[in-house]
């Protein structure tokens, strides 16, 4: 086997390993969401989470309640965002392998992944704080759906407008083009890989944070709604016409929000 063939074989093996790892992480996250609270009297995951939401609205949150909600948000973000990050992580793994074969210093993929997850963990903390504030204001139902049509309509309108904002488009460009990100943001060493993960995660948050806010419209614990947003985010990042589809979805979201506001 030639040196080139051996490298291609290693790169192919790396792709399989990384994809299997990402699929495993996302699969475990979705499994956790589906079966959270299943020990509560044989309830389905959705019923158990609804019961948990109702219980929290009856009494003030404790530190443990806050921690559990933060973990729920963090796992949810992993389940929703890791698939869309797969092309970037695969490209990073391929570059790492080529550096290793040429005898250059290389950074582990895990350092990049840790940076990416760290950013979404910070977002999960912010989302948990927002959820707590909305519940204290009695603006969320036990299923964690916004109870105010004005709030729901406003979220839809703002999310729709954000789809057209220059900041959203700039972040989406980095999310849709791993090569563009590598060329402009490449750093060396494990610390550099972690920073790259932070930066890529920040671009993904900048691209999707208003879409995640729509969880308070359709229900944080409505797993079908969670899955629908996750699929939309994935298609917006991966499909050739994803950017155009994102803009068109912005129009639909804004129109839906205006309809809700006029009905309020």
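Some points to look at:
- The three principal axes of the C-alpha atoms in region 198-257 carry coordinate ranges of 28, 27, 17 Å, sorted with the longest axis first.
- Placing a label point 7 Å from the Cα of residue 185 along the Cα-to-Cβ direction, the residues of region 195-234 whose backbone N falls under 11 Å of that point are 195-207.
- Isotropic mean projected area of the C-alpha convex hull, region 121-264 (nm²): 9.3 nm²
- Comparing Cα centroids, region 122-157 and region 196-234 end up 15 angstrom apart.
Values quoted throughout were computed directly from the atomic coordinates according to the rules given, and no laboratory measurement underlies them. All of these numbers come straight from a predicted model, not from anything done at the bench. Heads up, the Cβs are rebuilt from the backbone with ideal geometry, glycines too, and the neighbour counts pull from every protein chain shown.
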